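One structure below.
The values are calculated or read from the model by the stated rules, or taken from the named source; none is laboratory data. These numbers were taken from a predicted model, which means no experiment stands behind them. Cβ placement follows ideal geometry from the backbone for every residue including glycine, while neighbour counts extend to all protein chains displayed. For the accessible areas, the whole protein counts, side chains as well, though only heavy atoms, and no ligand, DNA or RNA atoms are used. Shrake-Rupley method; radii C 1.70, N 1.55, O 1.52, S 1.80 Å.
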Amino acid sequence: MFASMPKVLSQSGIDFTVQTLEMTDTHILIRVRSTEMIPGRHHASAVFPAIAGEGLTLSDNHGALAPTVQSSSASVLFLGLVDFSYSLDAGLDLTSPLTLSSANAQVTFQI
């Protein structure tokens, strides 16, 4: 397994930070942190990270796209942490800048 703290090159939309990136032979796990919260779905007093509701796609500079395979978010002490996983089967060039994007957020980073 490979782990990295990526360097952010540009960002727009929902405020979130790419904290770490881990790779296995088949998947990439990207952990992000967001302080931008929205109301919870099930309880009026609950909140969750705005970025957790986004369908972030991972792409490289050559046009390869990987949709989110799985996402999960933490609560209580770790509220704001969200993990997104992507399959390496999409053929992403991991040496090029990578972009996480949705209709409301975009961040480009380099491993």
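General remarks:
- Candidate set: the stretch 75-101, residues that are out of contact with any strand residue (DSSP E or B) (no Cβ under 7 Å at 6 or more places or on another chain) and of a type in the set (Ser, Thr, Tyr); chosen: the one surrounded by the most Cβ atoms within 10 Å (Cβ to Cβ): Ser75
- Of the residues making up the stretch 54-78, those that are without any contact (Cβ under 8 Å) to a residue 40 or more places away in the chain and either under 11 Å from the mean Cα position of the chain (by Cα) or under 23 Å from Glu36 (Cα atoms) (or both) number 11.
- Meets criteria (open to solvent by less than 80 Å² (accessible area, probe 1.4 Å) and under 14 Å from Leu98 (Cβ atoms)) for Ile28: yes
- Applying a threshold of 8 Å to beta carbon distances and a minimum spacing of six or more residues, or different chains, the list of pairs starting in the stretch 24-38 at a residue that is in contact (Cβ under 8 Å) with a residue 12 or more places away in the chain and ending at one that is open to solvent by 70 Å² or more (accessible area, probe 1.4 Å) and part of a strand (DSSP E or B) reads Val32/Thr17; Arg33/Thr17; Ser34/Thr17; Met37/Val47; Ile38/Val47.
- Residue, least open to solvent (accessible area, probe 1.4 Å), within the stretch 102-111, restricted to residues that are β-branched (Val, Ile, Thr) and assigned to a strand (DSSP E or B): Val107
- Residues in the stretch 14-25 that are assigned to a loop (DSSP other than H, G, I, E, B) and surrounded by fewer than 16 Cβ atoms within 10 Å (Cβ to Cβ): 3 in all.
- Selection status of Gln70, of a type in the set (S, T, N, Q) and over 16 Å from Val107 (Cβ atoms): yes
- Scope the stretch 39-63; condition part of a loop (DSSP other than H, G, I, E, B), under 25 Å from Ser87 (Cβ atoms) and open to solvent by 20 Å² or more (accessible area, probe 1.4 Å); matching residues: Glu54, Gly55, Asn61, His62, Gly63
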